[in-house]
Each structure stands twice: as C-alpha cells, then as structure tokens.
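All remarks here apply to the structure that follows.
Since every read-out is calculated from the coordinates, none of them should be taken as a lab result. If you're wondering where the values come from, they're calculated on a predicted model, not measured in any experiment. Neighbour counts run over all protein chains shown; Cβ positions are idealised from the backbone, glycine included.
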Amino acid sequence: MAAYLIADVDVTDAAAFEEYKREVPATEQRYGGRYLGRGGTTKVLEGDWHPHRLVIVEFPDMDSLIRWYESPEYVRLKAIRERCARTRIIALQGVEATAL
C-alpha cells in the first residue's frame, strides 16, 4: 500500500537549497519515490495554515519511505536541508484501493 511523504519547506538560504533540490530526486527514485507535487501553487481553503514550499512524494509503501529517509545517501542531503530550511515532514500511510 502506498505511503506519502508530505513536507512543508520554508527555505531560508535559496542558494544552499539548490544543491539539496538538485540531488534529492535521484535518492527518492532509488526507493520507488515519485513526486506528486513539488513547490507548486497552493491555496488555503480552510484554517490558518500558510504552507511555504509544499512537497508530496509517493512511495510504494511505508517501509520504502522510511528506508529512503534513513538511507546514507539521504542523511547527507538532510544535513544540507537542515542548514538552509525549516521543514515540517510527515509520513502518511495510504488507503487500500477498495477503501476508496
């Protein structure tokens, strides 16, 4: 069952963030990740949430998502992101197709 990484990224150093943005997609792809949304326009419909750079990545399952997040290749990039952005990230388990 698919799992989704949802991140709200407030970039504080755009120049440093470019390295992260350039290199991270290849690491996600190795674990079956694919972008569903990445930095596009958002519109708040309810509440007081004001997302910055919103990213949604689909992985085949929660195990693949966690293996990517804890992988050596991503740990290096995570350190870059932590220096140049404030981020909120969650992992969300998808639903069975029959549950739709």
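Computed quantities for the displayed model
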read-out	value
Helix-only CD estimate at 222 nm, as mean residue ellipticity for the chain, using -39500 (n - 2.57) per DSSP H run (n ≥ 4)	-12000 deg cm²/dmol
Per-selection Rg to Rh, the chain - Cα, Kirkwood hydrodynamic radius	0.98
Candidates per GluC sites (Glu not before Pro) in the chain, loop by DSSP, up to 14 other Cβ within 10 Å	46, 70, 96
Cα lying deepest toward the dipole's positive end in the chain, options 54, 77, 15, charges on Cβ	15
